[in-house]
Each structure stands twice: as structure tokens, then as C-alpha cells.
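Presented below is the structure to which this report refers.
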Amino acid sequence: MATCSRGCAPAVRLCQRLNRLKTLDGDMMETSLKRCLSTLDLTLMGIGGMVGSGLYVLTGTVAKDTAGPAVIISFIFAGIASLLAAFCYAEFGARIPKTGSAYMFTYVSVGEVWAFLIGWNVILENMIGGAAVARAWSGYLDSIFNHAIQNFTETHIMQWNVPLIAHYPDLLAAGILVVASVFISFGVQVSSYLNHIFSTISMGVIAFILVFGFVLADPTNWNQEHGGFAPYGMSGILAGSATCFYAFVGFDVIASSSEEAKNPQKAIPIATAISLGIAATAYILVSCVLTLMVPWRTLDPNSALADAFFRRGYSWAGIIVAVGSICAMNTVLLCNLFSLPRIVYAMAEDGLFFSIFARVNPVTKVPVNAILVFGVLMACMALIFDLEALVQFLSIGTLLAYTFVAASVIVLRFQPEKTNSKETSTTSPDAKAEVCAAPSEAQTITEDAEEPKQYESFSDKLQLVERQKTRERRGVGQLRAYWEPYLDRLLGDCEPGEVVAFCVMTLIVSSVSLCAVLEFGNEQLQFPVWCFTMLLVIFTLAFTLSLALIWIHEPQRNRQTFQVPLVPLTPAASILFNVFLMMKLSLLTWIRFTVWIAIGLLVYFGYGIWHSKEGLRELQPKDMAARYVVLPSGSLVETVQSIQPDGQVVTSAHQISSSDASAAPEASGKR
């Protein structure tokens, strides 16, 4: 048995290193970046990240090919699903105002290797998203000039006939990315100023589309002779919701900007709610206008809005819409270029990525190296790859990040607060905790009796200590008081938050299994009806039981920052919806995702795990503390000694008076 323990020790140490959590600094507002963004700045960033090419292209595509005029309902469902994920991002952004978004949230609650993989996928998501938007921007501008740019490139520069890449190099898309990267490297205020300009123009054009579009609306376009309101039924509406969900993925730029916000505790939740509400309203109303202006079967998926005005005889209105679409795409481009370097910077700052990307320009207060390097990489992707090939790979990283953030909300909500080592220089955390506990203990004794109570024996004192232990056992992450008599023997010995963490893992596994059975059980796997039903019941029960076990534990309450409502139900619903959408992705997307994850693991095990700042922190000498409870005559004295590395001893003591006691020293253990 001892040999087995020694043989397993390296594996145990490796697991501990992979799952170590990030230690947050005492001052959450301290940063090397510049805090200058207001609530308005963050709101416009969120709107710019969501209201882009999707409004001018996605609405027509989903209406014509998937849902018909019922695309309106598809956007409503997608907006609700996005709101679940946005709640989770808003809580973390307000509670942990550090750059890094989903990467940072996973690092402080789940573990290092998972955080790295999430950050690695978010990097890819932003790179592909920026390249895809630049390619769409170029294509839209090219269509206005009757494809003159494409014809000139293919005739006078070069043309490729290679599978999986574009037919010609898109120099315009690559050029706009390089120019935008240079502007963003000038500082966050320049980025915010440009975003204000483009967002204002875009929202003005959207207002024009709504007002003029409703004037031209013809309700007969929803009649049965044109196919009706929901020609593809509920299945088409749900399939459209899965596509429309990706129109709202840009709100995470708000969380990525939390380290540069003036007042993130208030600004992050407010900006997230307002921007998501405006974006959802814009998508719903524009879809309504578009399908009322012209029959949905005749829509042009590439430029539906501009084409609708052209066909109604208002070519000048079509030009205004085209200008608005270019500005909207610029805002999305800026948001991608803004978020990506900051995630790279956060990973490099933690030692998990190359340290050159952690350098901040002393003048502009932005990570210039990360901006320029990844801006050029994004430009190369836009130069080589086709838009369709880019978009196919865009969704999986986003959905995975949303899933881990939702899981992290549950885990962190049921974890006790951890004391930061930086807050204690000469006194250990245990000493501080005991000193702070003294008034509450004295107050408890006073409140339990209206008049002073005489403790006649040593056993009375032990009963007092036992009652105090019972109260402590109902802290954050432990069983609620009502369920303690029933489940204490089964779960009472677990560490605070341990059962919840296990239940979250079960929640994810049961969600994946349930969605896999729903998606593949009947068609691909051809299960018998009894087997299909039995699997559904088993995985549904596992999901429900996990939720119930999480709910019977005590969460953190009365925090000063925004908290997700109805935890764990809201994050669990977000997990289930995200996993269901991931099951809808193609096999080729999963293969590409696996290859990208393999490359990320090579980077982590080759560099990140050896340079992790949390790993270096573990190698530093730690404080050792011994706790003694001494019962001399007439008093109950609790002494905490903190043994520092240099040999100094700091002692903290507090005293609770009582009338009579026998002297009996007792060691209560070490922490």
C-alpha cells in the first residue's frame, strides 16, 4: 500500500498543479492598465460587439433559409439564451474586475489548465471573428462597386485554386486589420473614441431603417400566399435560434474591459444589460421590418436590407443602409481587436503565455506587443482564408467559454472567501480570523442569555465550544441548517464547496449525455424506444439531482456587487443550452477544435506550467501557524502563534470571561 502511495505521488502532484487556482491581489482595482472607461463607453462597446454584420446579413439569411418571418421569435429565444450567459459574465466582471474575461473567471474558480484552454480558445475565437468580419467588410464594400476589387485582384495580382483557402488574397481585408491594429495601439481612449463614432452612425442608420421600413411595410407579406408567418414550423424557429445566438456573442468585450473601467462593480452589469437589451430589440425590430417590406422568399442573403430598399425603388436609402453596415462592421472589428490582446496579456501576466506579451507601453498603457503581433496574425488569416471556412470554426470556442463561465459562477458562489496572503504581513490569516471571531463569540454568549450565566464546570465550556462549531458548520459551501439533521452523516465531513464542485462536474457530464441522446439517439444511433427513454430519464434525474444537491448548500449572500439571480438554476440552464448548441456543430468543426486543443496543450506543458506565477508562488516559503486553546482559572483564552520563515513569532490572543473554571491546557490542532 505504501509503495502504491509513493508511485501515485507524482500523479497527485501533477493534478494539483493542473488544478491550482489563481490568487487575487488584495486591491482588485490595482492595475498597470489605465482605468478610464465609463458606463457609456462600455455600453457602446457592447453594442458595437453585437450589432454588426449579423444585423445586415444574418437576418436575411435566417429568414430566407431557416425560419421565414418567424425569425423574430428565433431572435427572442436567442436573446433569452444570451441573457443567461450575460448574467454570468456580468457577475464575474463586477466581482473580479481584471482583464481576461472567461479565462480569468475560470482561473479563479475551476483550475489552471482549464483556464488556459479556455483562454486559448477565446484567442482563436477572436482571431477568427476579426478575420471573418474583415472579410465580410471587404466583400460588402466590393459588392457596392460591382465586384471591381475582386476582379482587379484576380486579374492583376494573383489567383489561387487551392482547397480550403480563398480563391484570391483579400488585400483589402488584411489592410483594414493592420490599420485598425495601429489605431488601437494608440490607447484605450482612441479605441473608445473610434467606437463611439462608428456606433453612433450605426445606431442612427438602424433608427432610419426602422422608421422608413415601417412606413413601407406591407402586412400581406406574412400571408399564406407568401408562405405564412412560420413556414418551417417550430423546428425552423429553434434551428434559427441556434444561428441567431451567435449574433449576441460580442457582449463579452465588456467583461474583457473590466480592468480599464472606472467603476466596474456598477458599470459592468449596467452596460451588459443595456447593450444586450438594445441589441436584441434592434435585431427583433429589423427582422420584422425586413420581412414586411418584401416577401421573405425573395430576400438576398448577402445584403438583404440594402437590397430590400433598392427593390422598393429607394436606391438612396439602400446607400445609407450600406454605409451603416460598413460602420457596424467596423465596430465589431474594433471590439475583436480590443478583446484579443487583453486576453493574451492576462495569460502572459500570469506566466502561462510568453512574457513578451505582458509588456505594457508606459505612454499608452496598452499591451502594444500583443496588439500588433495578433493584429498581423489576424490580417494573415483574412488574407488567406475564405469567409465560410472562418465562420464554421467560430462558434465552438464561444460556446465552450460560456459553459465554463456558467460552471464557474456556481463553483465560486458556494466557495468560502479566501484570505489573501498579501493582506497579512506580520499576522497570519488564522490569527486575523480568530481575532475577528472574538466579538461574535462574545456577542453570542451575551445574546443567548438575558442575564449573566454561570458556567460551573469544564464540561459546560466544552458544550459552548461544540455549539459554536455547529454554527460554523453552516457557513458558505456547507449544508443548510434545515438539511443538516438528514444529510450530515453523508455529507457533513466534506470540505466547504467540495460537494458543490463534484455536483457541477456531474451537471456538465449529464448535460453532455442528455444532449447527445437527444441529438443522436434516434437517428444516428437508432436506439430502441425503451433504451432511448431510459437514457433520457437517467440523465435528466442526474441533472436534477445535481441541482438539488447544490441548492441545499449555503451560498455567499449580501455581496456588494451584482449576483446572478436564481443560482444554480440560471447557470445550469445556460450550460444545458450551450452544450445543446455544441452538439449541433459539424464533425469537421470538432476535428479542427481537437487539433487546436492539442496545440494548446503543447504550449501549456512546454511553457505555461513551468512559468506559472501560481507555481512560483507555491515554491515560496509559507507561514506556519499553531493554535492552542488554554483554559486557566477564570477565563477562556485562545492563543494563535504565527511562525514566520525568519523565525519571528507573532502572537494574538483574545479572552472571554466566565465566573469559574478549572485550569486545563488543551491543544486544538494545527492549521
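At-a-glance table
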read-out	value
Sum of side-chain charges, A346 neighbourhood, beta-carbon under 14 Å (Lys, Arg +1; Asp, Glu -1)	-3
Carbon/sulfur fraction of accessible area - the stretch 478-572, other protein chains in place, 1.4 Å, %	66
Accessible area per residue, Å², the stretch 75-196 with all protein chains present, probe 1.4 Å	35
Subset of K98/K584; K22/K584; K266/K584; K266/K365 violating a 28 Å alpha-carbon distance limit	K98/K584; K22/K584; K266/K584
Gap separating the Cα centres of the stretch 49-123 and the stretch 560-575, nearest whole Å	15
Protection proxy ranking, peptides 139-146, 86-93, average beta carbon neighbours within 10 Å, highest first	86-93, 139-146
Environment charge at A271 (Cβ cut-off 13 Å; Lys +1, Arg +1, Asp -1, Glu -1)	-1
Distant-in-sequence amide H partners of L37 (H built 1.01 Å from N, under 5 Å)	A261, K262
Charge-dipole axis of the stretch 62-168 as Lys and Arg at +1 and Asp and Glu at -1 on Cβ define it, positive-most pick from I96, L141, N161	I96
Extension gain, N151 back to I591 (0.36 nm per residue minus Cα-Cα distance, nm)	155.0 nm
Cα-based convex hull volume of the stretch 498-620 per residue, rounded to whole Å³	171
Cα-based Kirkwood hydrodynamic radius, the stretch 253-343, one decimal, Å	15.6
Viscosity 0.890 mPa s, temperature 25 °C, Stokes-Einstein D of the stretch 167-318 from Kirkwood C-alpha radius, µm²/s	132
Carbon/sulfur fraction of accessible area - the stretch 226-280, other protein chains in place, 1.4 Å, %	69
Cβ crowding within 10 Å averaged over residues, with 203-214, 486-497 ranked highest first	203-214, 486-497
Summed side-chain charge close to V512 - residues other than V512 whose Cβ falls under 14 Å, Lys, Arg +1, Asp, Glu -1	0
Among 320-331, 217-228, 42-53, 576-587, the order from most to least packed when residues are scored by Cβ within 10 Å on average	42-53, 320-331, 576-587, 217-228
Principal axes of the stretch 8-154: Cα extent on each, largest first, Å	65, 37, 36
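The values are calculated or read from the model by the stated rules, or taken from the named source; none is laboratory data. Note that the structure is predicted; figures quoted are calculated from it, not measured. All Cβ positions, glycine included, derive from the backbone under ideal geometry; neighbour counts span all protein chains shown. The protein model used for the area step is the full one, side chains on, heavy atoms only, and it has no ligands, DNA or RNA in it. Shrake-Rupley method; radii C 1.70, N 1.55, O 1.52, S 1.80 Å.
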